[in-house]
Amino acid sequence: MREAELAAATTAVPTSGAQEVLQDCRASGRRIVVVGDICSDAMETYLDLHGLRPMVEAVVGREQRPATSEWPGLDLARQAVKALGAEPSDCTLVSMSVLGMYAAAEAGIQAIGVVSGNGSRKHLAGTGGSVVVSTFAELAGALTAVPAADSYEPSP
């Protein structure tokens, strides 16, 4: 599985607007952890190939959840909070999946859903207190308008 994920990482193309979201997060003082239920090496490879790695503080992949996990998304979200040394209520999870939105709600993390071509706004918005945007470009614009609660000095 790991080899297939690494191979896919070399051909994957960034979602339109995702780089701008990462840049605006950093510029506004937000810290970034990339989370996925794939191996961390594949996510790191993808970030490196697209010049995105310097914007990301940590990567949390499948190998960082307990083997007996019944809900991988929840465990990975908790690992991301731990990687930041933050409280769940001070974090925001951005996801294009309903499961990601539910995992955030269960972990006590704010959630922003981004509607994908196959996604449904009503399904993403169906989780408690979540916000849903139509595109990553819309999210990037919102990030510049809303200051981060606890900012840091981004590295050059």
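Just one residue in the set 36, 73, 29 is surrounded by 14 or more Cβ atoms within 10 Å (Cβ to Cβ), touching a residue at least 60 places away in the same chain (Cβ under 8 Å) and of a type outside the set (A, V, I, L, M); that residue is 29. Taking residues in the stretch 5-26 that are open to solvent by 30 Å² or more (accessible area, probe 1.4 Å), and partners anywhere that are in a helix (DSSP H, G or I) and not aliphatic (A, V, I, L, M), the pairs with Cβ atoms closer than 7 Å and at least 6 places apart or on different chains are 6/41; 6/45; 10/45; 12/46; 15/136; 16/136; 20/136; 24/144.
Taking the stretch 121-149 as the range and being within 17 Å of the chain's Cα centre (by Cα) and at pLDDT below 65 as the test, no residue passes. If only residues of the stretch 50-70 that are open to solvent by 30 Å² or more (accessible area, probe 1.4 Å) and of a type in the set (S, T, N, Q) are counted, the one that is nearest to residue 39 (Cα to Cα) is 64.
Residues in the stretch 1-14 that are over 14 Å from residue 43 (Cβ atoms) and β-branched (Val, Ile, Thr) were compared, and the one that is nearest to the chain's Cα centre (by Cα) is 13.
The values are calculated or read from the model by the stated rules, or taken from the named source; none is laboratory data. Keep in mind it's a predicted model, so treat the numbers as computed, not measured. When we count neighbours, we look across all protein chains shown, and the Cβ atoms used for this are built from the backbone with ideal geometry, even at glycine. Each accessible area value is taken on the protein alone, full model and side chains, heavy atoms only, with ligands, DNA and RNA left out. Shrake-Rupley method; radii C 1.70, N 1.55, O 1.52, S 1.80 Å.
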